[in-house]
Amino acid sequence: MEFEAVIGLEVHSQLLTDSKIFCSCSTAYGAPPNSQTCPVCLGMPGTLPVLNRRAVEFALKMGVATHCQIASFSTFARKNYFYPDLPKGYQISQYELPLCRAGWLDIDLPDGKRKRVRIRRIHLEEDAGKSIHDQALAGEQTLLDFNRCGVPLIEIVSEPDLSTPAEAHAYLVALKQILVYLEICSGNMEEGSLRCDANVSVRPLGTAVSGTKTELKNLNSFRNVERALAFEIERQIALLKQGKPVEAETLLWDADAQQARPMRSKEEAPDYRYFPEPDLVPLEVDPAWVERVKRTIPELPEEKKNRFRQQYKLNDYAAQLLTVRREIADYFEALAKRCPDYQLAANWMLREVLRVVNERKISLQEFPLSPQRLAELLQLILDRVVSQTAAVTIFEEMLHSRKSAGQLVDDLGLRQISDEQQLAAVVEEVLARNQKLAEQYRGGKTKVLGYLIGQVMKATGGKADPVLVNRLLREKLKTT
Ligand SMILES: [Zn+2]
């Protein structure tokens, strides 16, 4: 019997507000432990939460960007559980009436197809603190850092519309791109600002039965999400094939061992004894606010990608890579504005600019060359003043020089030889030295042309205009 997987993802994303969701403590990452706390986020008796308007606005942005229905009336609830990193003993979340519901997101699949993934809900909640188990620091003791307590989160819950680990990966990538485009989340999975849990079950292929779900936690990188899902799907299928039941449980992904380990039996909603948060009034969002938020939504990755394909005649691959982040797209557009050959501009972005950015682990804002200066260099290629190879040398030099591309051409002696007479002499010389090859060419073995071009390039120190060399060689081979 063949099986298929049914996967739903719950993505927690930390919102980039300056202060926490119910108090004015800072949310800055990396501060000394317990330096960003106050009686409210530590859950001291008698304190009262005050909702951060910015956090609501950010949640609205994500709701609008993913085509959700925005609730004009939503409420907060207490989710009760005991854990050392949760000093209040409960988490303030939204339960019965979330802020956003019934949205969707289109994703590009690895095979080139597209899929619409429905979003069940997006709700606001607060983050918990962090337990630190560090042998060197505290031996067998566990340390607690409450800085993260009360950092605003949105939880984005998908419908179980995903059927493979690759689809789950594509969905997560698309979601992260939108969050980062909206500038409401850093999207950094390593720092925990984006976290993903997955619900997985399997069923006989083509049926509508629902199998027993397990929940996978600790999927703290894009690669882990894919690997953990593949592992869990295989495990469940193996059980069913042996006629054994799948237990409803929560599993923790161990990236080192490449295994999912049982953590606890899966808790259901009643286990959390949800009840309405008595210290917060219901959240009312009027349509005018939603309209204002709508107007702040920038062009999103999907639209931008489509526009790049059309406006700049780029292929899918280039359009995809150039719209991964807004800063990349902006840089490319600034470059394309000054470079009439869009393909050349795209090639240079992908091959050189992004290579340097990735190697140096810097942002494009820190990239030393402005689009304007790079465009000057590309113009030299288009004007056939320099070859592509020479342009790369100039590019490397420009990264740590204030000189212009035009100046560096001469300083480095890289001006392309486009003088026809001068090159014709070199071509004749090369042909005289390679008479056998010339004969072979005339005899129909045209492949030798590449070698002959190479010889001319070598004789000119790589500075000959290759287009011209090609033409001159063909002409000479034909006439003599
Ligand atoms: Zn606080």
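The values are calculated or read from the model by the stated rules, or taken from the named source; none is laboratory data. Just so it is clear, the structure is predicted and the values come from calculations on it, not from any experiment. Neighbour counts are summed over all protein chains in view; Cβ atoms, including those assigned to glycine, are modelled from backbone coordinates with ideal geometry.
For the list (1) modelled with pLDDT of 95 or more; (2) within 15 Å of the ligand (Cβ to nearest atom); (3) not aromatic (F, W, Y), I need the number of the one condition that A28 fails.
Against the list (1) modelled with pLDDT of 95 or more; (2) within 15 Å of the ligand (Cβ to nearest atom); (3) not aromatic (F, W, Y), A28 comes up short only on (1).
Only residues that are in a strand (DSSP E or B) and either over 17 Å from E167 (Cα atoms) or not assigned by TED's automatic domain parsing to the domain that holds I233 (or both): list them for region 204-223, please.
P204, T214, E215, K217
Can you find a residue in region 54-75 that is within 21 Å of Y272 (Cα to Cα), hydrophobic (A, V, I, L, M, F, W, C) and in a loop (DSSP other than H, G, I, E, B)?
No: region 54-75 contains no residue that is within 21 Å of Y272 (Cα to Cα), hydrophobic (A, V, I, L, M, F, W, C) and in a loop (DSSP other than H, G, I, E, B).
Collect the residues in region 424-447 that are touching a residue at least 24 places away in the same chain (Cβ under 8 Å) and either assigned by TED's automatic domain parsing to the domain that holds L374 or farther than 15 Å from G461 by Cβ (or both), keeping them in residue-number order.
Matches in region 424-447: A424, V427, E428, L431, A438, Y441, R442.
Only one residue in G139, G150, G112 is on the phi > 0 side of the Ramachandran plot and within 19 Å of the chain's Cα centre (by Cα). Which one?
Selected residue: G112, the only one of G139, G150, G112 that is on the phi > 0 side of the Ramachandran plot and within 19 Å of the chain's Cα centre (by Cα).
Table: residues versus (1) surrounded by fewer than 21 Cβ atoms within 10 Å (Cβ to Cβ); (2) assigned by TED's automatic domain parsing to the domain that holds Y317; (3) within 16 Å of the ligand (Cβ to nearest atom).
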residue	(1), (2), (3)
E140	yes, no, no
L144	yes, no, yes
L162	no, no, no
L182	yes, no, no
R195	yes, no, no
N199	yes, no, no
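In region 33-52, which residue that is polar (S, T, N, Q) and within 17 Å of Q91 (Cβ to Cβ) is farthest from the ligand (Cβ to nearest atom)?
For region 33-52, the residue satisfying everything is N52.
Output the residue which, of all residues in region 106-120 that are modelled with pLDDT of 95 or more and crowded, with 21+ Cβ neighbours inside 10 Å, is nearest to the ligand (Cβ to nearest atom).
Looking at the filtered set, the residue picked out is I119.
Could you count how many residues in region 434-480 are polar (S, T, N, Q) and outside any helix (DSSP H, G or I)?
Count: 4.
Could you list, in sequence order, the residues of region 419-466 that are at positive phi and surrounded by 12 or more Cβ atoms within 10 Å (Cβ to Cβ)?
Within region 419-466, G462 is the sole residue that qualifies.
Suppose we keep only residues that are out of contact with any Pro (no Cβ under 8 Å at 6 or more places or on another chain) and assigned to a strand (DSSP E or B) within region 8-40. Which one would you say is nearest to D279 (Cα to Cα)?
Once the filter is applied, the top-ranked residue is S19.
Would you confirm, using the coordinates I've provided, whether T17 is more than 22 Å from the chain's Cα centre (by Cα) and either within 14 Å of the ligand (Cβ to nearest atom) or of a type in the set (F, W, Y) (or both)?
no
Conditions (1) touching a residue at least 12 places away in the same chain (Cβ under 8 Å); (2) outside the structural domain of R195 (by TED's automatic domain parsing); (3) among the aromatic types (F, W, Y); (4) crowded, with 21+ Cβ neighbours inside 10 Å, marked per residue:
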| residue | (1), (2), (3), (4) |
| --- | --- |
| G8 | yes, no, no, yes |
| V11 | yes, no, no, yes |
| L16 | yes, no, no, no |
| K20 | yes, no, no, yes |
| S26 | no, no, no, no |
| Y29 | yes, no, yes, no |
| P33 | yes, no, no, no |
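Could you look through region 127-138, keep only residues that are touching a residue at least 24 places away in the same chain (Cβ under 8 Å) and in a loop (DSSP other than H, G, I, E, B), and pick out the one that is surrounded by the most Cβ atoms within 10 Å (Cβ to Cβ)?
D127
Restricted to region 209-224, and to residues that are in contact (Cβ under 8 Å) with a residue 12 or more places away in the chain and out of contact with any Phe, Trp or Tyr (no Cβ under 9 Å at 6 or more places or on another chain), which residue is farthest from S131 (Cα to Cα)?
That would be S210.
Across region 47-91, which residue is nearest to L124 (Cα to Cα) among those that are touching a helix residue (DSSP H, G or I) at 6+ places or on another chain (Cβ under 9 Å) and aromatic (F, W, Y)?
Y90
Which residue is surrounded by the fewest Cβ atoms within 10 Å (Cβ to Cβ), if the candidates are limited to region 64-90 and must be of a type in the set (S, T, N, Q) and over 29 Å from the mean Cα position of the chain (by Cα)?
Checked region 64-90; the qualifying residue surrounded by the fewest Cβ atoms within 10 Å (Cβ to Cβ) is S72.
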